[in-house]
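The values are calculated or read from the model by the stated rules, or taken from the named source; none is laboratory data. These numbers were taken from a predicted model, which means no experiment stands behind them. Because the Cβ atoms are built from the backbone with ideal geometry, glycine has one as well, and the counts that use them run over all protein chains shown. Side chains are part of the model used for accessible areas, which takes the heavy atoms of the whole protein and leaves out ligands, DNA and RNA. Shrake-Rupley method; radii C 1.70, N 1.55, O 1.52, S 1.80 Å.
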Amino acid sequence: MASDAAGGPGPTLLGQLLRFGVVGLFSAAVDLTVYTLALHLGAWTPAARTLSFVCGTSTAYVLNRRWAFRVEGSRRRALGFVVLYGTTFFVILGVNAAALALLPDGSWRVTLAWALSQGFGTVVNFVLLRTVVFRA
């Protein structure tokens, strides 16, 4: 049975992709809010960023598992998620560094490098969540 973006018995690729996007935006908002609040409360910047990353990633795990991909939780899935997001974090750093090295100078350079690395990481995460971590 197929499903549309609003939900139904079985998740379709389009439905998963749309829900994954919503979860990503919400998780990014959680991340940014925790980061900003922690800094406002005087936290050391690396500690604030670590806390915000953990909060945003935890939010993404729960919502993606339950809503975007609609699968039961397990230790294997949780561990797979942590390994995937941890690995993707370092891949994103590499893509960002490569983009900064290759892009010409300009006021848009840093933003474009971030967007390229974030976009690459998002695609990798979606594909691997769908085909490996949250495979039904």
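Worth a mention:
- Residues satisfying the stated conditions in region 85-103, i.e. within 14 Å of Phe53 (Cβ to Cβ) and either of a type in the set (Gly, Ala, Ser) or in contact with a helix residue (DSSP H, G or I) (Cβ under 6 Å, 6 or more places away or on another chain) (or both): Tyr85, Gly86, Thr88, Ile92
- Scanning region 105-118 for residues being open to solvent by less than 50 Å² (accessible area, probe 1.4 Å) and either in a loop (DSSP other than H, G, I, E, B) or under 17 Å from Val22 (Cβ atoms) (or both) gives a total of 1.
- Flag if Gly42 is open to solvent by less than 80 Å² (accessible area, probe 1.4 Å) and on the phi > 0 side of the Ramachandran plot: yes
- Some residue of region 78-99 being under 24 Å from Val132 (Cβ atoms) and touching a Pro at 6+ places or on another chain (Cβ under 7 Å): no
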